[in-house]
1. Under 17 Å from a label point 7 Å along Cα→Cβ of B:ASP37: give me every residue in segment B:44-59 with its amide N that close.
2. Report the label-to-label distance for A:GLN347 and A:ALA247 in nanometres (one decimal), using points 7 Å from each Cα along the Cα→Cβ vector.
3. If I take R0 = 51 Å and measure r between the Cβ atoms of A:ASN500 and B:ALA145 in this structure, what FRET efficiency does the formula 1/(1 + (r/R0)^6) give, to the nearest 0.05?
4. Considering all projection directions equally, how large on average is the shadow of the alpha-carbon convex hull of segment A:422-532, in square nanometres?
5. Could you work out the pair-distance distribution P(r) of segment A:307-414 from its alpha-carbon pairs, with 10 angstrom bin width and percents rounded to whole numbers?
6. Along Cα→Cβ, 7 Å out, is where each label goes; now give me the distance between the ones at A:SER48 and A:ASP390 in nm to one decimal.
7. How long is the gain from A:ALA226 to A:ILE308 if the chain were fully straight, where each residue apart is worth 0.36 nm and the alpha carbon distance is subtracted?
8. Report the extension gain between A:GLU401 and A:ALA319 in nm, rounded to one decimal, defined as 0.36 nm multiplied by the number of residues separating them, less their alpha carbon distance.
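Read-outs throughout are calculated quantities, based only on the coordinates presented, and are distinct from any laboratory measurement. None of these values were measured; they are calculated from a predicted model. Note: ideal-geometry Cβ built from the backbone for every residue, glycine included; neighbour counts use all protein chains shown.
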Amino acid sequence: MSAKSRPSRNPILAIISNVRVLQWVGQIVFVIIVVALFSLIWTSIVTSLNTKNLAPNFDFLQNRAGFDISNAPDWYSSNSDYWTAFQVGVTNSLRVIVSGLVLTTILGILMGIFLLSSNWLVRTISRVYVEVLRNTPLLVQLFTWYFIVMLALPSFQQPLTFPSEGVLPIPLRFAIYLVLFIFLRRSVDHLVINAPRRVFIITAFYAAVIALEGAFRLAFTQPTWAAYYGSGNLLEFAFLLYIVISAVLLAAAWFAPQELRWRALGLAVGQLIGGLLFYFGIAPNAALRVELVPAVYISVRGFVFPEILATARLAEWLAFVSVGVALAIILWIYFGRLIETTGIQYQRGWYCVLAIVIFAALGWVFATAQPPPTVVPVEQDGQIVLLPLDEAREQGLLTREDEQLYSTQPFLFVLPEKRGLRFVSGTEIAPEYMALLLGLTVYTSAFIAEIVRAGILAVPRGQLEASRALGLTTVQTLRMIILPQALRVIIPPLGNQYLNLSKNSSLAIAIAYADVVLVTTTIMNQSGQSVTGITMIMIFYLIISLLISVVTNGFNRRFKLVTR
Amino acid sequence: MPDTNQVTASNGEPIIICRDVNKWFGEFHVLRDISVDVAQQEVVVVIGPSGSGKSTFIRCINRLEEHQAGQIIVDGIELGNDVRNIAAIRREIGMVFQQFNLFPHKTVLENITLAPTKVRGWPREKAEAKAKELLERVGIPEQAAKYPGQLSGGQQQRVAIARALAMEPKIMLFDEPTSALDPEMIKEVLDVMKELARSGMTMLVVTHEMGFAREVADRILFFDQGRIVEQGTPTYFFESAQHPRTKLFLSQIL
């Protein structure tokens, strides 16, 4: 082919058919159209609002709000201004978004790993979980959580409590089981997984425990069984019958197919051991009795949890803990260098945990060692009097602030206490908050589960094989080979799900949770400042979204692969 | 299994012993009664049509695949369900894959030093010195700081060989190491492997490179439908093979 240039005869045609010129002209025309459109909309809004005396401004934010917000913090009342009300909305939204992001990540990763499980049941259950949640609207799920789950909780007068009030017996034989279990595990540790002796010993242990506990359970409810415990009468008909049945079981196990024989024998022998221990009363029946006090109350009015209060001695204790943390960091770096230079794999994580624990314990001892003041000033009948601490406490004259001041513990663990129609202590969580948090968390976790599954599957199988062939352990393979490569695939879509969760939190309005949208729409209705209100909501979500984007992009850059 | 000629081993002691190894993928019987001994310092080349079970066979030796019947004993340790035995055997066996399987998020140097530091517990300095020496040996000392994605296929495969050698294995397994390479890169990889064979490494190589087999192998195993149909020295194999299946295979590729 010969390149034939054909110069244009018309110079103007040459200019307007130049690609670069055309691109420039196109862009300029586009900008002009956009600017014109926006200024048209803006001027028409402003003029129409001006005629109603509602020009957009921010001055109205100092006006009195005049409406109540349920479960508002104590710095808000209906006498506060609009700006404070808006801050309540922002706080409530942030509470849901931050907790939601953390919880949904944990739940999603767990479900994603379950989706890849080799266990059929686990895999199927998590698959159903994901499909059901992914394929129904979030609004419907929120309604379900609120109207069907939360509002069906028991009444405030008869709440669910956890643990329920009463006495919990802990049988002493449980400790024996634990010791025996560890001992047996160690004794078969050197054997191959399917070795007959190992199978037999472990199966027999489980069978004995199950038989023994089953018998105790029956003895607890039925008097005939209670009579058998420790009876030891060799001529009792039921006992003879039991021995015959056990013998038949043993014989059957002996003739079972090769691959089942040792398991079956273990079952037969184990249950016989359990039965005999029960019948001759060798297994101890003694139990520790622990008195239980309700710590969590659940009712239609919400959830009440124990409260943890800082006391005057918290600072001392925290000082010790921070020394421990500093030491842990130093140990971590020091042993890191030692591992590099000597190659010996020190368990540095444990050393660090140990350092922190030791200093926390030391701090606790030191902080609680100083005696409390002998006499404290309290208000009695309108007068300030000095009373010994114990006496003041007995007479109920100490306020919560006094307790925080005079306690010898770094923390006060305050159980919820109900007086009349309200709780005087404990942290209360509204059912609306719980419904929204659960709804958002569970819904988003289904998507995250799929993302995690896809990310792990995206790592080629060859990587796993190469790592195994080199002799790395399963944990090392996961941590050093699979995870870094899976994260590269997981993080971008995960960031999208975080954005979705934070924006979906605006559905709070459907179940009347006072988030930023609900509060701001109320403000808009009262003041008529809709343009300003909407702008404020948009700025709030914009800031949240940008923060999430910045974080995910940062991670993304860190896990990027270097290629040609 | 026809023992048509005596097997020559350069050094008496067998380091790999396989006895009646059988494996099924579901209903499909991949390996049928494989019995082979490999002596120390012996180079065994495994050839055969695709789907004949040759890759599966060498992957059974370091437990990337599980055999369902028979015995595999490597360096005196039997491969069973005990994880400690599996780990001990994997430490002594290096493996090179068709698709290289380098870790793309680690540099060449990190790829090579990872297992010696984490599995063997070497100091970093020692592992890095070893890595540099090996990179020198495979002819790419200047690529240490690069990532696998920045190297050519031939260079990547040579890094993979260096990575396997860094563990100072007693045995090297090669699973079609040149099949994913451009023709002009095959030579550089084969040269490294020839040098390795001369240095006295025990090697099991699955390959389609007949020139390599003829030049380097002490013994050739010919697989078909999960069986070792014929085995012998390269001279015997290429010039006087008896079995009709072997003859057919050779007539098609030579």
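1. Inside the label zone: B:44.
2. That separation, rounded to one decimal, is 5.0 nm.
3. Values: r = 40 Å, r/R0 = 0.79.
The pair A:ASN500/B:ALA145 has a calculated efficiency of 0.80.
4. Working: hull surface 46.8 nm².
Averaged projected hull area, Cα only: 11.7 nm².
5. It works out to 14, 30, 23, 15, 10, 6, 2, 0, in whole percents.
6. Rounded to a tenth, the inter-label distance reads 7.7 nm.
7. Numbers: separation 82, 0.36 × 82 = 29.52 nm, distance 4.43 nm.
The A:ALA226-A:ILE308 span can extend by a further 25.1 nm.
8. Numbers: separation 82, 0.36 × 82 = 29.52 nm, distance 2.22 nm.
Computed gain between A:GLU401 and A:ALA319 is 27.3 nm.
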